[in-house]
Amino acid sequence: MSSYLKLSGISKSYGQFTALQTVDLDIKKGEFVTFLGPSGSGKTTTLMIIAGFEQATSGSVEVNGKSLFGLAPHERNIGIVFQNYGLFPHKTAAQNVYFPLQMRGINKAAGMRKAEEMLDLVGLQGFGHRYPKELSGGQQQRVALARALVFEPSLLLLDEPLGALDKNLREQMQIEIKRIQRALGVTTIFVTHDQSEAMSMSDRIVVFEKGRIQQVATPLDIYHRPETKFVAGFIGESNLVDAKVSDAAKGEARSAALGKVEYAVTDKVANDNDVTLMIRPEHIRLSRNPIEGRKNVRMKVETIVNYGDNALVIGMVEGQPMRVRVLGADVVIIREGEEFCISWTRDSVYMIAK
Amino acid sequence: MTVSIARLSAKTELWPWLLLAPLAVYMAVFFLVPLADVAIMSVTEPRPTLANYERVLTTALYQRVFINTFVTAIVVTLCCLLVGYPLAYLMANSNPRTAMLILLLVTMSFWTSFLVRTYAWMVLLGNNGPLVWLLSTLGMDKPPQLLFTRFSSTLAMVHILAPYMIMNIYSVMRKIDPTLIRSAESLGARGMSLFRHVYLPLTAPGIANGSVLVFVICLGFYVTPVLLGSPREQMIAGLIGNQIDEFLAFGMGSAMAMVLLFVTLVILTIYHRRFGLDKLWG
Amino acid sequence: MRWLGIAVVVFIAAPLVIVVPMSFSNARSLQFPPPGYSFGYYQAYFTDMSWLVPTWNSILIATATTVLTMLLVVPATFALVRHKFRGKGIADLMMLMPLAVPHIVMAVGYYSYFGNVGIVHTHLGVILAHTCLSVPIAFLVLSANLKGFDRTLERAALSLGASPTKTFIHVTLPILRPGLIISALFAFVQSFDETVVAIFISGRGAETLPRKMFDSIRQEADPVIAVISTLLFLAVIVGVTAPLLVARIRSRRTPATA
């Protein structure tokens, strides 16, 4: 597994403010990697450093073993789709797609033919003569994608490209982008703050927070085996309970609210260490009476948030808020203010050492 | 790496200056130097003393011109406001088609040369003009002298400067959120009280902008007062012109010009402190 | 409010409209209503060198002023809008200063200064003076346009392989073109209509149309002025409505659907 894009020790500071702190990352050829994080976490800054629009204070970027240091953006051969697409308003869709070829000295006839082919690939046959303002948001998005891919870039960078689209169109475009990326096999970095987008599209997710990488892993690992409390809280709904390890070998910890909790042993940790226990709401069961073979505690229901097919029941256990996912069909029997039993198994308790 | 970054920032500091240099040099040579020339002449022509300023500020004739200029500028500004506010209101509160037509008219008036509009008033108010003709057909046997009076020059100046006022007020009115007015109404504001407590404060920036602009232009107005005004009721710009044109009294003319410049700059500086000059003409 | 508004509309429109019938009058002096109609004064205007020469001078001077203004203002605007540097505040103020100085003050300055340098009563002198007065207006228009320019477009061009120079030529300039044209138009009109400075420094040698009109109105009120006024007003009508018509035709041709 050789690395295709290699970031080593990238830092970026603006005066006193540190935007990025020693970011290291290896990405394989053809991989689809998502940078996920809240705004201001450093994901876009990292993207802009790769593209050459920002200079790192220190560190290096290599593509295919060659350093990009000292190369201006236009010398890097990297395709970018910007947040607001950045389509040239004075050029038609086809002329927009032809532009990078024109800049590379390809003659108009051949270039326009290639541009039309690329528009076909993104599903815009016959739209080549339209100007950007005559296209819908989704169509503009496709033109931007075609333009960023037509010159066979070494990398494709997507900077929150779906942010401006409505929900249905966004899901449609997620599938489209994935399809086109697979078809061309281009190494892709996708920046977003939308976790479901990251989950559904990526081979691997890089979680950023406060200028640092928190975790790099597949979507499933990020969800089920978060390495830090931040990742656990940022991705999906979760119950995070502070606890102290009482028996590291057996996997037991004590929490002020829940008492003794058993967890799945996955990580080495010493007795008396402070840890965070994560229990996903969908792994907790709500019942009138305790269930044999599970850890049971009593919870007073405070709020019910209904999503239709499911609901989130929020309650208190000894001052610790707990969230439980309940099927939509079951929610009708639950009243706010009532007391219930909530229970879970050892396997669904994940211990986070950091 | 550090070296290259230092070089880079030095380069980025130099680049804007290179772009700016031709204009900066030009403005220094063809704007600041002639302006400085006026300042210098005001204290050196014919002899290096402050005598010019003394005469400008103490001679009764000149004092009367200054007062007349000020009064005229105030009257013109108020008239522009009186004319401009209702029209801007009409534009902001009528259907888009009507608003567009009025805007078109105001824009045309704005773009039509001062001279053309001054000439038009000469035609309108002339002794054989339509207004006199109208008055005499209505039965007035001896129509009043309209042309070459304070009335004619003030009227023409109001007409010429009103577009500045209208545009400024309209641009503010157009941006007023209609829900603001509706919510004020729902809170019990009606008629005059709605206007006084809600609408007027909201449009105040436009009024301030327009008034400052009209007042300042009017202070230094040359063409219209000279062509349409009464020779006995000059304004300061006309007086300066006389000094230069007829008497070749560069010292006196310059001293008056400096006084006019000083007053204008004081007004604009106060405005600049509060709002920023670039807003005024934007 | 409504009736007051209508009265104001009449007040604004009447002087603009009145010059048109006057230009077709056959009376020897100002008289309304005109005793009869003819093209006499149009013929007079188009054959009288004492009117045609100033017209030509004005066109020449305004064109040169526009070119010079844009050459100076375009790079300076880029510097002021896109860069942060020490002294920017002063530079910004310097650009706007000519708007704050009454033209009569500048006229006195130019009259004396250009007299000393020996370019008073020349085309060059008027062009140099008018450029100063056009600079702030062109700057205001252009900087507003440049501030609204989406710089993502330039980044996009760079990422697509266009060098900074090519980005400027293929992306920045074409997108900025409407702003440049309007800015130049403002500079042109400012010079073409400028009266006060021209009265004092254009002299016989470079007499501009406004100066000639001013003198003529002051002395005899030659009815030919009505002809010129009508023509200038016509130019304004065309200038103001043409962009609207073009926009309407464009929007009709390309429905904003899809």
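Cross-link list A:Lys108/A:Lys178; A:Lys250/A:Lys295; A:Lys114/A:Lys178: which exceed 24 angstrom alpha carbon to alpha carbon?
A:Lys108/A:Lys178
If you keep only loop residues by DSSP, which trypsin sites (Lys or Arg not before Pro) in segment A:265-318 have at most 15 other Cβ atoms within 10 Å of their Cβ?
Taking segment A:265-318 and a limit of 15 other Cβ atoms within 10 Å, the loop trypsin sites (Lys or Arg not before Pro) found are A:Lys268, A:Arg288.
In whole percent, what relative contact order does chain B give with Cα contacts below 8 Å and a gap of six or more residues?
Dividing the mean separation by the residue count of chain B yields 28 percent.
Compute the angle between helix C:173-193 and the longest alpha-carbon principal axis of chain C, please, reported from 0 to 90 degrees and rounded to the nearest 10.
So the helix axis and the longest Cα principal axis differ by about 30 degrees.
In chain C, which longest range has no trypsin sites (Lys or Arg not before Pro) that are both DSSP loop (not H, G, I, E or B) and surrounded by at most 15 other Cβ atoms within 10 Å?
Value returned for the longest uninterrupted segment is C:87-150.
Would the protein assembly as shown count as rounded, prolate or oblate if I go by the C-alpha gyration tensor, calling it rounded below 1.5 in a/c and otherwise prolate when a/b exceeds b/c, oblate otherwise?
Since a/c reaches 1.5 and a/b is larger than b/c, the shape of the protein assembly as shown is classed as prolate.
Evaluate peptide C:87-99: per residue, the Cβ atoms of other protein chains within 10 Å of its Cβ; return the mean as an integer.
Values: counts 4, 2, 0, 1, 6, 3, 3, 7, 5, 6, 7, 4, 8.
Taking all residues of C:87-99 together, the mean is 4.
Neighbour counts of other C-beta atoms within 10 Å: give me A:Ile304, B:Ile236, A:Ile333 arranged from fewest to most.
Taking fewest neighbouring Cβ atoms as first place, the list is A:Ile333, A:Ile304, B:Ile236.
As I understand it, the value is the acute angle between the Cα axis of helix C:49-82 and the longest principal axis of the Cα atoms of chain C; what does it come to in degrees, rounded to 10?
Once rounded, the angle reads 20 degrees.
What list of ³J(HN,Hα) couplings, whole Hz, do you get for segment A:24-32 from phi and the Karplus terms 6.51, -1.76, 1.60, once you set θ to phi - 60° and write x for glycine and proline?
Per residue, the Karplus-derived 3J(HN,Hα) values read 10, 7, 10, 10, 7, 5, x, 6, 10 Hz.
Which residues does a label at A:Lys268 reach in segment A:229-249, if reach means a backbone N under 15 Å from a point 7 Å past the Cα toward the Cβ?
Of the residues in segment A:229-249, A:248-249 have backbone N under 15 Å from the label point off A:Lys268.
Give the calculated FRET efficiency between A:Thr22 and A:Tyr307 to the nearest 0.05, with a Förster radius of 41 Å applied to their Cβ-Cβ distance.
So, using R0 = 41 Å, E works out to roughly 0.55.
Most mobile of B:Gly188, B:Gly220, B:Gly206 per a Gaussian network model of chain B (Cα springs, under 10 Å)?
Result for chain B, Cα springs under 10 Å: B:Gly188 fluctuates most.
Count the lysine pairs in chain C whose Cα atoms sit under 30 Å apart, keeping only pairs 8 or more residues apart in sequence or on different chains.
Close lysine pairs found across chain C: 5.
With helices defined as uninterrupted DSSP H runs, which ones in chain A have an alpha carbon span along their own long axis of at least 15 Å and mean Kyte-Doolittle hydropathy of at least -1.0?
For chain A, where a helix must reach 15 Å along its axis and average at least -1.0, the hits are A:93-103, A:108-121, A:137-149, A:167-184.
Relative contact order (percent) for segment C:49-227, with alpha-carbon contacts under 8 angstrom and 6 or more residues of separation?
On the way: 194 pairs, mean separation 68.4, N = 179.
With pairs under 8 Å counted, the relative contact order is 38 percent.
How tilted is helix C:123-147 with respect to the longest principal axis of chain C? Cα atoms for both, answer in degrees (0 to 90, nearest 10).
It works out to around 50 degrees.
Springs between alpha-carbon pairs under 10 angstrom, Gaussian network model over chain C: which of C:Met106, C:Met70, C:Met49 fluctuates most?
C:Met49
At most 13 other Cβ atoms within 10 Å and a DSSP loop assignment: could you name the GluC sites (Glu not before Pro) in segment A:65-130 that fit?
Nothing satisfies the criteria.
Relative contact order of chain A: what whole-number percent is it, with Cα pairs under 8 angstrom and at least 6 residues apart? It would help to have the intermediate numbers written out before the result.
Details: 739 pairs, mean separation 53.5, N = 354.
Answer for chain A is 15 percent.
Name the shape class, rounded, prolate or oblate, that the alpha-carbon gyration tensor gives for chain B, where a ≥ b ≥ c are the square roots of its eigenvalues, rounded holds for a/c under 1.5, and otherwise prolate holds if a/b is larger than b/c and oblate otherwise.
Since a/c reaches 1.5 but b/c is at least a/b, the shape of chain B is classed as oblate.
Please arrange A:Glu262, A:Glu338 by how many other C-beta atoms lie within 10 Å of their C-beta, fewest to most. If you can, show how the numbers build up before the last one.
Values: A:Glu262 17, A:Glu338 12.
Ascending Cβ contact count within 10 Å gives the list A:Glu338, A:Glu262.
Using a 10 Å Cβ count of at most 14 others and DSSP loop calls, identify the longest part of chain B lacking such trypsin sites (Lys or Arg not before Pro). Can you show the working numbers first?
Details: sites that count: B:Lys175, B:Arg190, B:Arg232.
Between the exposed loop sites, the longest stretch runs B:1-174.
Taking H placed 1.01 Å from N in the peptide plane, check which residues at least 5 places from A:Thr218 or on another chain put their amide H under 5 Å from its amide H.
Distant-sequence amide H within range of A:Thr218: A:Ile205.
Between the alpha-carbon centers of segment A:273-339 and segment A:93-140, tell me the distance in whole angstrom.
Here the answer is 53 Å between Cα centres.
Fewest Cβ neighbours within 10 Å first, please rank A:Glu318, A:Glu282 accordingly.
A:Glu318, A:Glu282
Kindly point out which whole DSSP H helices in chain B project their C-alpha atoms 18 angstrom or further along the helix axis while averaging a Kyte-Doolittle hydropathy of 0.0 or above.
Values: long enough: B:2-27 (38 Å, 0.91); B:60-92 (47 Å, 1.61); B:96-111 (22 Å, 1.44); B:150-174 (34 Å, 0.82); B:200-219 (27 Å, 1.83); B:250-275 (36 Å, 1.46).
Once both thresholds are applied, what remains is B:2-27, B:60-92, B:96-111, B:150-174, B:200-219, B:250-275.
As an exercise, use a Förster radius of 60 Å and the Cβ-Cβ distance of B:Arg55 and C:Ala247 to find the FRET efficiency, rounded to the nearest 0.05.
Working: r = 57 Å, r/R0 = 0.95.
Calculated value: 0.60.
Between C:His121 and B:Leu18, what's the calculated FRET efficiency when r is the beta-carbon distance and R0 is 51 Å? Round to 0.05.
Computed FRET efficiency for C:His121 and B:Leu18 comes out at 0.90.
All of the numbers you see were taken from the coordinates with simple rules; none came from a lab. Here the structure is a predicted model, which means the values were calculated and not measured. In this analysis, Cβ positions are derived from the backbone assuming ideal geometry, glycine residues included, and neighbour counts consider all displayed protein chains.
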